[in-house]
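J.: Questions regarding the structure given below will be posed in turn.
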2 protein chains.
Amino acid sequence: MAGKRVRNMEEFAELSGISRPTVSKYFNNPDSVRKTTRARIEQALEEYDYRPNIYAMNQNRRLTKNIGVVVPYLADPFFAEIARNIERRCIDAGYFPLLFSSHGETAQENAILDSLRSLKPAGVLLAPLGRRSDMDHVRRFCDEVPTVLFDSYLADVGAAFVGSDHAQVVRLIVDYLCRSGEPPVYFEMRNLVNPNANRRRNGYLAAMESLGQTPEILKIDGDGWNFEEIGFRGGVAAIESGGFATNTVLCNNDRLAIGLIAAAWSKGVRVGRGPGCTLRVAGMDDHPFSQFTCPPMTTIAQDYANISDTSVEQLFAALENDAGSADRVEILYEGRLVMRDSA
Amino acid sequence: MAGKRVRNMEEFAELSGISRPTVSKYFNNPDSVRKTTRARIEQALEEYDYRPNIYAMNQNRRLTKNIGVVVPYLADPFFAEIARNIERRCIDAGYFPLLFSSHGETAQENAILDSLRSLKPAGVLLAPLGRRSDMDHVRRFCDEVPTVLFDSYLADVGAAFVGSDHAQVVRLIVDYLCRSGEPPVYFEMRNLVNPNANRRRNGYLAAMESLGQTPEILKIDGDGWNFEEIGFRGGVAAIESGGFATNTVLCNNDRLAIGLIAAAWSKGVRVGRGPGCTLRVAGMDDHPFSQFTCPPMTTIAQDYANISDTSVEQLFAALENDAGSADRVEILYEGRLVMRDSA
DNA sequence: ATAAAAAGTTTACGCGCGTAATCTTTCATC
DNA sequence: GATGAAAGATTACGCGCGTAAACTTTTTAT
């Protein structure tokens, strides 16, 4: 591709000895032309430096090869990892992923969906803000663009939903904690930012009940997505006001737990299940940093890989059934207990 | 904007009672039309649901309003935060930021630059991989597209470079560590992934020398961007083979330090500067998670805000001087000592 | 009020490509 | 080697908008 610069498809078609319409077909789908033709085009592609003008391509196409990927908060490594995996899959399938972060703000999410619409994407993978999502806005968007929702559940929106089975996730860790020591107090934010948090809380209640234990919920204050900070402050406040109902705390998510563990440290409370430890702290998510807390955090791993892979697959499936008439699918993956030293 | 859907600018122009060329002017720059005209257009915009076709707009424009933002590793909250800030600034200035992550891979960085070129961006903000960047590729790109580099220094490439003054950063923390206890051993990866690491190491050498101390460098193995993991393993290995030359370790960056602190914990070595502590660990960057390590990490804060703001400003400045003939600028920001409890 | 400048209108063309229709060549099959 | 099907070539049109040129209206300055 070192050769001279080619202006447009017309010129490139001449150079490769193939007609422009056929070259056009090739770029839309390399498999749609004969092998020998494809070879000739690809050889010319090596010789000359030509790439079709994206804007001219997409202007006349009803749909582009773009795929929008929208996450609520990209500074959270959890979403960064998922986005990365999704990106890879889309590229491998010949699509062009475009990554957006809502930064936790409703207005931002709406704005992203609006501009996404004018990009005529083939489809969109959306992890909505959840509680703070503008449901009507999201629904209107999904009516026009094939969309698969993941991570955060919104009822009856989009072509599919892929996420974790939070009831199972919570049951797993509650079981473990009860089996191995005192039953857990549940540590969560007062203002739940997404429906997953709700499901987890309900899962906790159900799991405790089925084990004949008395649930105990500690709601902490704080707003936004700075969960570690919120967990830290909530933890300090809890410890200062006399500690927890039992010696075991289950946090709504790892980031909160990271904050709580730091809070315990700062107050001289030793976390862990070894001798001399007076507090067990468990999280949920298996956040990338959770293995580096002190002590390393016991948590439940969400099935990152399956969630992102399946989301992409579901989107592709939805793109096939042009009609979009297929029934809405909901796929939930189970979590896996990751036993480390904090609980 | 609830009204009926408008097909194209022609139709919208009719509805607003303004000629199409003028409407076109408006969309390219709302200030380029008379206030009264602008008002009429914007009123029509409220009434009808119209947005110009992006693809048709950009097809004939030499440059678009797109701004490419490329970072080496988006799963690192440091870059996620910078990207977020940059995004905000671009949007406020009427541009459309497009975010890409090289995921630590040369091929990926090259691919991003290639597709970026065909997006005809007005400009690009690039934090290159550094050592693993394909210099020729980057240089060719910068010759065609106005580009500001940030974070990772590449010599003589792009319209400007904005980053940290690593020499100063290291001097600051070395000074502090020497003043407050034993001089630091320097903890870094054997395969330096970017030139900043080099500068920091040299900064360490210089600072130690100027203080009349003997520098001591510990190189650890590991490849890729999973720094915490690498720091952890390196830490465990170092401790098992007899510990460090002094009781103080300065890590090349916070993520390595996070791993080292976890390693110390796992080996029963108490980190901090209080009584009973046998190891001091300091990092550099003030990574978002560093305040939640146990103990909280002493580190040097990079000037996130200034670096991202200035990068954007420099890019806009470069866009003004169409010619691109202006001299290449290099702007370095100083770090700030963040004293916490780990050192 | 009047001239000059600024802004808007009309008209017209082209960008680079998608794509449909018709015709011609190539290929696989027996 | 004949035959039908599949693929490519030719021709032609249009997408939605940028933009230039020539002309007309509005605004600003004197």
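The values are calculated or read from the model by the stated rules, or taken from the named source; none is laboratory data. Only a predicted model underlies this, so the values are computations on that prediction, with no experimental measurement involved. All Cβ positions, even for glycine, are placed from backbone atoms using ideal geometry, and neighbour counts span all protein chains on display.
J.: Of the residues that make up region B:244-251, is at least one in a loop (DSSP other than H, G, I, E, B) and hydrophobic (A, V, I, L, M, F, W, C)?
T.: Yes, the conditions are met somewhere in region B:244-251.
J.: Criterion first (more than 25 Å from A:Leu260 (Cβ to Cβ) and crowded, with 24+ Cβ neighbours inside 10 Å) does B:Leu250 satisfy it?
T.: Details: more than 25 Å from A:Leu260 (Cβ to Cβ): yes; crowded, with 24+ Cβ neighbours inside 10 Å: yes.
Yes: the conditions hold for B:Leu250.
Residues are listed down the side, and each one gets a yes or a no for (1) surrounded by fewer than 18 Cβ atoms within 10 Å (Cβ to Cβ); (2) in contact with a Pro (Cβ under 8 Å, 6 or more places away or on another chain); (3) in a helix (DSSP H, G or I):
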site: A:Glu188; (1), (2), (3): no, no, no
site: A:Leu192; (1), (2), (3): yes, no, no
site: A:Arg199; (1), (2), (3): no, no, yes
site: A:Glu209; (1), (2), (3): yes, yes, yes
site: A:Gly224; (1), (2), (3): yes, no, no
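J.: Then there is this: Helices (runs of 4 or more DSSP H) wholly in region A:1-99 with at least 3 residues that are under 18 Å from B:Leu99 (Cβ atoms) and without any contact (Cβ under 8 Å) to a residue 40 or more places away in the chain - which ones? Please lay out each step first, then the result.
T.: On the way: elements: A:9-16, A:20-28, A:35-47, A:54-59, A:77-92.
Fully inside region A:1-99 and qualifying: A:77-92.
J.: I'd like to check something: does region A:304-320 contain any residue that is within 14 Å of chain B (Cβ to nearest Cβ), buried (at least 18 other Cβ atoms within 10 Å of the Cβ), over 30 Å from A:Ala122 (Cβ atoms) and of a type outside the set (A, V, I, L, M, F, W, C)?
T.: No; the residues of region A:304-320 include none that is within 14 Å of chain B (Cβ to nearest Cβ), buried (at least 18 other Cβ atoms within 10 Å of the Cβ), over 30 Å from A:Ala122 (Cβ atoms) and of a type outside the set (A, V, I, L, M, F, W, C).
J.: Another question about this same structure. Pull up region A:40-59, narrow it to residues that are away from every other protein chain (no Cβ under 14 Å) and more than 10 Å from DNA strand D (Cβ to nearest atom), then point me to the one that is surrounded by the fewest Cβ atoms within 10 Å (Cβ to Cβ).
T.: Quick first cut of region A:40-59, residues away from every other protein chain (no Cβ under 14 Å) only: A:40-44, A:46-48.
Filter once more, keeping what is more than 10 Å from DNA strand D (Cβ to nearest atom): A:42-44, A:46-48.
On the way: A:Glu42: 13, A:Gln43: 12, A:Ala44: 20, A:Glu46: 10, A:Glu47: 15, A:Tyr48: 17.
The selected residue is A:Glu46.
J.: Let me ask something else about it. Which residue out of B:Phe78, B:Phe161 is over 27 Å from A:Phe79 (Cα atoms) and under 14 Å from the mean Cα position of the chain (by Cα)?
T.: Answer to the check: B:Phe161.
J.: Which residue pairs have Cβ atoms under 6 Å apart, sit 6 or more places apart or on different chains, and have a first residue in region A:204-220 that is in the same structural domain as A:Asn247 (by TED's automatic domain parsing) and a second that is among the hydroxyl-bearing types (Ser, Thr, Tyr)?
T.: Correct list of pairs: A:Tyr204/A:Tyr186; A:Ile217/A:Tyr186.
J.: Kindly provide the set of residues from region A:90-100 that are more than 9 Å from chain B (Cβ to nearest Cβ) and crowded, with 20+ Cβ neighbours inside 10 Å, ordered by number.
T.: Once the filter is applied, which keeps residues that are more than 9 Å from chain B (Cβ to nearest Cβ) and crowded, with 20+ Cβ neighbours inside 10 Å, region A:90-100 yields A:Cys90, A:Tyr95, A:Pro97.
J.: Yes or no: A:Lys65 surrounded by fewer than 19 Cβ atoms within 10 Å (Cβ to Cβ) and near DNA strand D (Cβ under 10 Å from one of its atoms)?
T.: Against the criterion (surrounded by fewer than 19 Cβ atoms within 10 Å (Cβ to Cβ) and near DNA strand D (Cβ under 10 Å from one of its atoms)), A:Lys65 does not qualify.
J.: When you go through (1) more than 9 Å from DNA strand D (Cβ to nearest atom); (2) in contact with a helix residue (DSSP H, G or I) (Cβ under 6 Å, 6 or more places away or on another chain); (3) within 14 Å of chain B (Cβ to nearest Cβ) one by one for A:Glu10, which number turns out not to apply?
T.: In the conditions (1) more than 9 Å from DNA strand D (Cβ to nearest atom); (2) in contact with a helix residue (DSSP H, G or I) (Cβ under 6 Å, 6 or more places away or on another chain); (3) within 14 Å of chain B (Cβ to nearest Cβ), A:Glu10 misses (3) alone.
J.: Which numbered condition trips up B:Ala343, out of (1) modelled with pLDDT of 95 or more; (2) buried (at least 23 other Cβ atoms within 10 Å of the Cβ); (3) over 22 Å from B:Asn198 (Cβ atoms)?
T.: Result: B:Ala343 fails condition (1) only.
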